[in-house]
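One structure below.
Nothing in this text is a laboratory measurement; each read-out follows from the coordinates by a stated rule. All values reported here derive from a predicted model rather than from experimental measurement. Positions of Cβ are generated from backbone atoms using ideal geometry, with glycine treated the same way; all protein chains shown enter the neighbour counts.
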Amino acid sequence: MTDRNEIQDQEWTQERASGRNAEFLKGVFFGVLLSGVFVMTAFLVLNGTLGGKSASGEEGAAVLTSRETIRKLAQIQDLIEDCFLYEADGEELSAYLFKGLAVGLDDVYANYYTAEELTGMEEAAKGAYQGIGISLLQDPDSGQMRVAGVYENSPAMEAGLRENDILLRVGDTDLSGMDTSDVAALIRSLEEAELTVERDGEELTVTVKLSSVEIPTVDSQMLEAGIGYLKISEFADVTVDQFEENLEELKAAGLEKLIVDVRGNPGGTLDSVCEILDDLLPEGLIVYTEDKTGFREEHMSDEERLFEGPLAVLVNENSASAAEIFAGAIQDYELGPVVGAVTYGKGVVQRTYRLEDGSALKLTTENYFTPSGQKIEGTGIQPDISAEEPENGSGAEDGQEKSGADPQTDPQLQAAVDYLLEM
């Protein structure tokens, strides 16, 4: 059963005993050891070419249930029980066994979640969770973990974390090889997290205390000449209501033209971005997806629009996934220019499938396309108006007051204002 349609990874709420003490390291070691059986056996057939054969002649994922694999797994179990000096953690062995399968798919977005991790994911998608208040992006090539956004009034903001910080270590734990969900789970397993980040080529360490975080995903203010500025930091479940509330506030203040800023926005849920686009687009296609069989699913807008004036969209290299769907749809309908820099280029959908025991497997299942058929994966959205990145990285960053958007210090915002002043 498909539990949720996601198009990004972010800082999910997950409660998992992941203290980096000796007990945990033993669990990790033997989980990785056991999962290695499947990774080594399945790697050649699961690295994106599921039609291949294993050394034993099994095709595709069938190798996972082959007698050869089961026999090898039993041999490793015997070795652990008979020869391993310490007590193996059964839950860790099981979790890392299945996490290893996800690694073997050679898909940076695939992952296995325990039941506890899945509960945290679902809570975070609603827009409120226990954490430090950041969103994360992982570079698919280097695997580096980058802070894509810092939430307003969050512990992360108070500690001094910034957008584009590269997260290197949590305590003494090197984050190499971990994905965003695992990093988030590690951070949230600690009452107080010591984070080592790289910023402008230098390493620095900050200490962050966890607390309940309500994600403020939308902020707005009026600029000059009836131009409203509205920033969306991510597309969570709470974002739709926040967007509509902020839009109504701008209208009451004399809104005539609109700038929507999705710079530093790592994405979110497909439902959220489609509902918001439905408020802006004329009746028609918003986005469509295609799976490996060619099956196409379309998402449509109706004729009811909350705003029909001139607009512009701000993007940068950290605008990903749902943010790219947003920019691409506005661009395709020629409602206004996309301003800034080429976007991140994440154009694939992940679906999370709940398993019988409450755990789940997340897989990349589809490509998504803008209304005109632009495939964003690997290429991103090309801006209609290129403009220099502001010094702070994204203009009015998460956490600034509503007066924080300043065209005089933000060339990309100024370019959008100049365009709208001529309309």
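For the reader, a short list of remarks on this structure follows.
- Amide hydrogen proximity for residue 286: with H placed 1.01 Å from N in the peptide plane, the residues at 5 or more positions away or on another chain lying under 5 Å are 299, 300, 301.
- The packing ranking of peptides 348-357, 240-249, highest mean first, is 240-249, 348-357, where packing means the average number of other beta carbon atoms within 10 angstrom of each residue.
- J(HN,Hα) series, segment 105-110, from Karplus relation 6.51 cos²θ - 1.76 cosθ + 1.60, nearest Hz, glycine and proline x: 6, 6, 10, 4, 9, 6
- Student exercise, segment 178-251 dipole from Lys, Arg, Asp, Glu Cβ charges, in Debye to nearest 20: 80
- Computed from phi, the 3J(HN,Hα) profile of segment 182-188 under the Karplus parametrisation 6.51, -1.76, 1.60 (θ = phi - 60°) reads 5, 5, 4, 4, 4, 4, 7 Hz, with x in place of Gly and Pro.
- ³J(HN,Hα) computed for each position of segment 368-379 - Karplus, 6.51 cos²θ - 1.76 cosθ + 1.60, integer Hz, glycine/proline x: 10, 9, 6, x, 7, x, 5, 9, 8, 4, x, 10
- Peptides 66-76, 408-418 ordered by packing proxy, namely the average of other Cβ atoms within 10 Å per residue, highest first: 408-418, 66-76.
- Formal net charge of residues neighbouring residue 379 (Cβ-Cβ distance under 12 Å; K, R +1; D, E -1): 0
- Förster-model FRET efficiency, 25 Å R0, residue 256 and residue 304, C-beta, rounded to 0.05: 0.80
- Segment residue 365-residue 84, extension gain: residue separation times 0.36 nm, minus the distance between their alpha carbons: 97.3 nm
- Modelled this way, with points 7 Å down the Cα-to-C-beta line, the labels at residue 207 and residue 379 are 5.0 nm from one another.
- Backbone amide hydrogens, once placed in the peptide plane, bring residue 213 within less than 5 Å of 129, 130, 131, excluding anything fewer than 5 places away on its chain.
- Under-5 Å amide H pairs with residue 349, H placed in peptide plane, nonlocal only: 365, 366, 367, 368
- Global form of segment 180-225, assessed from the alpha-carbon gyration tensor, a/c cut-off 1.5: oblate
- Stokes-Einstein D in µm²/s, Kirkwood radius over Cα pairs - segment 64-190 at 20 °C with 1.002 mPa s viscosity: 126
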